[in-house]
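Here is the structure we will look at.
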Amino acid sequence: MTVSQRIWIFGYGSLVWRPAFASEEQRPALLQGWIRRFWQGSTDHRGVPGAPGRVVTLLPAERAHCWGMAYRLAAPDAEQVMDALDERERGGYERRRVSLLLQGDKSASEGLVYVAIPGNVNYLGPAPLDAIAHQVNRAAGPSGPNREYVLRLAEAMRGIDASDPHVFSLERRLLGFGN
């Protein structure tokens, strides 16, 4: 897939607080028609084979929305950044073209987002929030504790004045465990 000069990458998980690539601009953005859920397993970043962590994916949902951070790539670096993101998101994610509402803009911009599709080898699917919290609290992988992923995401959402009841409910449960 060729990346145009004005394409935005939409981050809704660790890309919100740890993009690990240079961008010309970054802005809070809204993706309409999708919700964020901790339904994707991570055996390469926040867990290991046999003890996966849980990271977020997006699910289509009418009248819903998901806040995140959009990054506009510099044209000369775009293909390199996309290759690195394809490697980073290799654990079951696919690129999708989406329409983003960037904070401060009245019209939509084209963007790319990585979505974990149900049925991929690492997809865990829904579970009660308490079960998700216990799994997250125990899991760790090469990128660190799964718990850190959730807490950093909640902090980043507050940093852009965005609400996400799923993320904040999971955060409350994790903080209740101590650690």
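The values are calculated or read from the model by the stated rules, or taken from the named source; none is laboratory data. Here the structure is a predicted model, which is why all the values come from computation and not from measurement. Counting neighbours? That spans all protein chains shown, and the Cβs are built from the backbone with ideal geometry, glycine included.
Kindly indicate which of ALA131, ALA154 is out of contact with any strand residue (DSSP E or B) (no Cβ under 6 Å at 6 or more places or on another chain), more than 26 Å from TRP8 (Cβ to Cβ), without any contact (Cβ under 8 Å) to a residue 24 or more places away in the chain and small (Gly, Ala, Ser).
Numbers: ALA154 fails: more than 26 Å from TRP8 (Cβ to Cβ).
None of the others qualify; the one that does is ALA131.
Within the stretch 166-174, is there a residue that is free of Cβ contacts under 8 Å to residues at least 24 places away in the same chain and of a type outside the set (Phe, Trp, Tyr)? First the steps, then the outcome.
Taking the stretch 166-174 first, the residues free of Cβ contacts under 8 Å to residues at least 24 places away in the same chain are 168, 171-172.
With the extra rule that they be of a type outside the set (Phe, Trp, Tyr), the set shrinks to 171-172.
Within the stretch 166-174, one or more residues are free of Cβ contacts under 8 Å to residues at least 24 places away in the same chain and of a type outside the set (Phe, Trp, Tyr).
Here is a yes/no grid of residues against (1) surrounded by 19 or more Cβ atoms within 10 Å (Cβ to Cβ); (2) touching a Pro at 6+ places or on another chain (Cβ under 7 Å); (3) of a type in the set (A, V, I, L, M); (4) more than 18 Å from TYR93 (Cα to Cα):
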| site | (1), (2), (3), (4) |
| --- | --- |
| VAL113 | yes, no, yes, no |
| LEU129 | no, no, yes, yes |
| ALA139 | yes, yes, yes, yes |
| VAL150 | yes, no, yes, yes |
| ALA156 | yes, no, yes, yes |
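Would you tally the residues in the stretch 158-176 being aliphatic (A, V, I, L, M), surrounded by fewer than 17 Cβ atoms within 10 Å (Cβ to Cβ) and in a helix (DSSP H, G or I)?
Initial filter on the stretch 158-176 (aliphatic (A, V, I, L, M)): 160, 162, 167, 170, 174-175.
From the residues that got through so far, the ones that are surrounded by fewer than 17 Cβ atoms within 10 Å (Cβ to Cβ) too are 160, 175.
Subset that is in a helix (DSSP H, G or I): 175.
Total meeting the criteria: 1.
When you go through (1) out of contact with any Gly (no Cβ under 7 Å at 6 or more places or on another chain); (2) in a loop (DSSP other than H, G, I, E, B) one by one for VAL121, which number turns out not to apply?
Every condition holds for VAL121 apart from (1).
What is the residue count in the stretch 5-34 for residues that are buried (at least 20 other Cβ atoms within 10 Å of the Cβ) and more than 16 Å from ASP86 (Cα to Cα)?
Adding up the residues that qualify gives 4.
ARG97 - would you say it is closer than 14 Å to GLY33 by Cβ and more than 18 Å from the chain's Cα centre (by Cα)?
Considered against the rule, which asks whether it is closer than 14 Å to GLY33 by Cβ and more than 18 Å from the chain's Cα centre (by Cα), ARG97 comes out as no.
Name the residues in the stretch 145-179 that are closer than 21 Å to GLN26 by Cβ and of a type in the set (S, T, N, Q), would you?
Within the stretch 145-179, just SER163 meets the criteria.
Taking the stretch 60-99 on its own, how many of its residues are assigned to a loop (DSSP other than H, G, I, E, B) and touching an Asp or Glu at 6+ places or on another chain (Cβ under 8 Å)? Reasoning before the result, please.
First, the residues of the stretch 60-99 that are assigned to a loop (DSSP other than H, G, I, E, B): 73-74, 89-92.
Filter once more, so that each one left must be touching an Asp or Glu at 6+ places or on another chain (Cβ under 8 Å): 73-74, 90-91.
Residues meeting the conditions: 4.
Could you check the stretch 103-117 and list, in sequence order, the residues that are part of a loop (DSSP other than H, G, I, E, B) and in contact (Cβ under 8 Å) with a residue 24 or more places away in the chain?
Scanning the stretch 103-117 gives GLN103, GLY104, ILE117.
Name the one entry in VAL81, VAL136, VAL150 that is of a type outside the set (Phe, Trp, Tyr) and at pLDDT below 95.
Matching residue, one of VAL81, VAL136, VAL150: VAL81.
Name the residue, out of GLU24, GLU87, that is among the acidic types (Asp, Glu) and touching a residue at least 40 places away in the same chain (Cβ under 8 Å).
Checking each option against the conditions leaves just GLU24.
Condition first: surrounded by 22 or more Cβ atoms within 10 Å (Cβ to Cβ) and more than 20 Å from ALA162 (Cβ to Cβ). Now tell me which residues in the stretch 55-84 satisfy that.
LEU73
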